[in-house]
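S.K.: First the structure, then my questions, so here it is.
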Amino acid sequence: MRLRNIPGSREVIAENKWCVQEPEATKGRWQELFGNTHPIHIEIGMGKGRFLMELARQNPKINYVGIEKYSSVLLRALQKMEEAPLDNLRFIRMDAETITEVFDRDEVSRIYLNFSDPWPKDRHAKRRLTSKEFFARYDRILARDGQVEFKTDNAALFDFSLEQAELAGWRVTACTRDLHRDETMNQGNIMTEYEERFSALGNPICKLIAVR
Ligand code: SAM
């Protein structure tokens, strides 16, 4: 998702109280930031943040951190937070390539990846959020019993992700190529903005859950 650059969005984000300004300084201290010992779940590439906001509303005893690369996209999430603030949700504007500088070993209990950019060219495969390089990063921040949950409508990206999870030494414990027709996996499913858009076009949604 790449909205047109919104002038001033960087400045708004730099002053916003829901946005963690120096996330590297919070490494190992995220529970302190939230003021409790609840588990921390993150979404990488959260877009406008609707999925995470709904999760945070439903689960007050989990702390959520949404990560988004582009200010213009993150700005929409911040505007929604101003209207309906949530104590258990914070945002970071960053490229997830440096995620291990922001979260300590075992600090995260769950990672959500929803409709991640496909980066279709082979030479860009390492940029895909489900590449083995990214799984290696997740290995460093995710608690031993933690999990990665990934949804997409892109069958080629889904195949790639299954292959990369295995190559990186992860185990896929649940997998569907038609989430909305899978009674078990669809239970409690929260639709993301992209999920709603693509399923309205008739695209089946794929989902996997990976653990080590
Ligand atoms: N997750 C949302 C959804 O399902 O509606 C948005 C999906 S959109 C296709 C992918 C989002 O991931 C974009 O907003 C993009 O800017 C963000 N993104 C892609 N690569 C990223 C990275 N390396 N670090 C942080 N955000 C990233």
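S.K.: Residue check, Leu55 against (1) over 21 Å from Thr98 (Cα atoms); (2) in contact (Cβ under 8 Å) with a residue 12 or more places away in the chain; (3) open to solvent by 20 Å² or more (accessible area, probe 1.4 Å), all met but one. Which one?
M.R.: Every condition holds for Leu55 apart from (3).
S.K.: Next up: Considering each of Asp117, Asp87, Asp95 in turn, give the residue that is touching a Gly at 6+ places or on another chain (Cβ under 9 Å), acidic (Asp, Glu), within 13 Å of the ligand (Cβ to nearest atom) and within 22 Å of Arg50 (Cβ to Cβ).
M.R.: Numbers: Asp87 fails: within 13 Å of the ligand (Cβ to nearest atom); Asp95 fails: touching a Gly at 6+ places or on another chain (Cβ under 9 Å).
Exactly one of Asp117, Asp87, Asp95 is touching a Gly at 6+ places or on another chain (Cβ under 9 Å), acidic (Asp, Glu), within 13 Å of the ligand (Cβ to nearest atom) and within 22 Å of Arg50 (Cβ to Cβ), namely Asp117.
S.K.: Kindly indicate whether Thr26 is under 22 Å from Phe134 (Cα atoms), hydroxyl-bearing (Ser, Thr, Tyr) and away from the ligand (no atom under 16 Å from the Cβ).
M.R.: Numbers: under 22 Å from Phe134 (Cα atoms): yes; hydroxyl-bearing (Ser, Thr, Tyr): yes; away from the ligand (no atom under 16 Å from the Cβ): yes.
When the stated conditions are applied, Thr26 passes them.
S.K.: For a quick check of your reading of the model, give me the residue pairs whose first member lies in the stretch 6-29 and is farther than 14 Å from Arg93 by Cα, whose second is polar (S, T, N, Q) and surrounded by 11 or more Cβ atoms within 10 Å (Cβ to Cβ), with beta-carbon atoms closer than 9 Å and at least 6 apart or on different chains.
M.R.: Close Cβ pairs satisfying both conditions: Ile6/Ser71; Ile6/Ser72; Lys27/Thr100.
S.K.: If I filter the stretch 124-131 for residues that are among the polar types (S, T, N, Q) and within 14 Å of the ligand (Cβ to nearest atom), do I get at least one hit? Please lay out each step first, then the result.
M.R.: Step one: list which residues in the stretch 124-131 are among the polar types (S, T, N, Q), which gives 130-131.
Filter once more, so that each one left must be within 14 Å of the ligand (Cβ to nearest atom): 130-131.
Within the stretch 124-131, one or more residues are among the polar types (S, T, N, Q) and within 14 Å of the ligand (Cβ to nearest atom).
S.K.: Take Phe34 and decide whether it is modelled with pLDDT of 95 or more and within 16 Å of the ligand (Cβ to nearest atom). Spell out the reasoning first.
M.R.: Working: modelled with pLDDT of 95 or more: yes; within 16 Å of the ligand (Cβ to nearest atom): no.
No.
S.K.: Still on this model: Name the pairs: first residue in the stretch 144-155 and farther than 21 Å from Asp178 by Cβ and basic (Lys, Arg), second residue part of a loop (DSSP other than H, G, I, E, B) and open to solvent by 50 Å² or more (accessible area, probe 1.4 Å), Cβ to Cβ under 9 Å, at least 6 apart or on different chains?
M.R.: These pairs meet every condition: Arg144/Asp106; Arg144/Arg212.
S.K.: Does the stretch 32-51 contain at least one residue that is within 22 Å of Gly146 (Cβ to Cβ) and charged (D, E, K, R)?
M.R.: yes
S.K.: Another one. Quick one: count up the residues across the stretch 102-117 that are more than 19 Å from Arg171 (Cβ to Cβ) and buried (at least 17 other Cβ atoms within 10 Å of the Cβ). Break it down into steps so the answer makes sense when it comes.
M.R.: Going residue by residue through the stretch 102-117, those that are more than 19 Å from Arg171 (Cβ to Cβ) are 102-105, 107, 114-117.
When the remaining residues are screened for being buried (at least 17 other Cβ atoms within 10 Å of the Cβ), the result is 102-103, 107, 114-116.
Residues in the stretch 102-117 being more than 19 Å from Arg171 (Cβ to Cβ) and buried (at least 17 other Cβ atoms within 10 Å of the Cβ): 6 in total.
S.K.: Would you confirm whether any residue within the stretch 176-190 is open to solvent by less than 80 Å² (accessible area, probe 1.4 Å), touching an Asp or Glu at 6+ places or on another chain (Cβ under 7 Å) and within 13 Å of the ligand (Cβ to nearest atom)? If you could, list the steps in order and put the result at the bottom.
M.R.: As a first pass, look at the stretch 176-190 and keep what is open to solvent by less than 80 Å² (accessible area, probe 1.4 Å): 176, 178-180, 182, 185-186, 188-190.
Retained after the next criterion (residues that are touching an Asp or Glu at 6+ places or on another chain (Cβ under 7 Å)): 176, 190.
The next check asks that each one be within 13 Å of the ligand (Cβ to nearest atom); those that pass are 190.
Within the stretch 176-190 (the criterion being open to solvent by less than 80 Å² (accessible area, probe 1.4 Å), touching an Asp or Glu at 6+ places or on another chain (Cβ under 7 Å) and within 13 Å of the ligand (Cβ to nearest atom)), the answer is yes, since at least one residue qualifies.
S.K.: Looking only at the stretch 99-114, which residues are in contact (Cβ under 8 Å) with a residue 60 or more places away in the chain, within 16 Å of the ligand (Cβ to nearest atom) and among the hydroxyl-bearing types (Ser, Thr, Tyr)? Outline the logic, then answer.
M.R.: Residues of the stretch 99-114 that are in contact (Cβ under 8 Å) with a residue 60 or more places away in the chain, as a first pass: 101-104, 107-114.
Now drop any that are not within 16 Å of the ligand (Cβ to nearest atom), which leaves 101-103, 108, 110-114.
Across the stretch 99-114, the qualifying residue is only Tyr112.
The values are calculated or read from the model by the stated rules, or taken from the named source; none is laboratory data. Predicted, not measured: the structure shown is a model, and the values here were computed from it. Virtual Cβ from ideal backbone geometry, glycine too; neighbours counted across all protein chains shown. Surface accessibility is based on the protein's heavy atoms, side chains included, excluding ligands, DNA and RNA. Shrake-Rupley method; radii C 1.70, N 1.55, O 1.52, S 1.80 Å.
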